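Structure record follows, encoded as structure tokens.
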């Protein structure tokens with residue numbers, strides 16, 4: 001029934017695509033096929049490194065740096081499927097480019 005409702009509002013075939021994405025993300029715990037890209041901003045650069053909490057807050061994936069730190073501490077942030085547990089984690093641009101940043105269960109972005 002959910003597929004029919006989605007098809008009704010978004011067009012034919014969209015319900016099946018949404019169902020497949022749901023199964024990939026929630027049942028299989030894998031990355032969805034298409035992931036939105038996020039360009040690293042020079043505003044987030046801290047002398048050659050990027051503080052992950054600043055990247056999250058600057059990109060809108062977290063409302064502010066404090067909530068970004070809490071998300072990280074609670075295990076809600078992953079890089080390429082591996083949990084990030086250090087709220088003070090810093091990465092170079094080269095370490096982040098091309099990696100998938102996951103916030104919570106449903107938000108994925110590929111860093112570029």
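Derivation of every value follows stated rules applied to the coordinates shown; laboratory data play no part. Only a predicted model underlies this, so the values are computations on that prediction, with no experimental measurement involved. Note: ideal-geometry Cβ built from the backbone for every residue, glycine included; neighbour counts use all protein chains shown.
Mind checking Rg over Rh on the chain, alpha carbons, Kirkwood formula for Rh? Write down the numbers at each step before the final one.
Values: Rg = 16.0 Å, Rh = 15.1 Å.
Value, to two decimals: 1.06.
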Sort 35, 109 so the one with the fewest other Cβ atoms within 10 Å of its own Cβ comes first.
35, 109
Taking r as the C-beta separation of residue 100 and residue 46 and R0 as 30 Å, the FRET efficiency to the nearest 0.05 is 0.85
Fewest-first sequence of 97, 72 by Cβ atoms within 10 Å of each Cβ
97, 72
For labels at residue 86 and residue 65 in the simple 7 Å Cα→Cβ model, what's the distance in nm?
1.8 nm
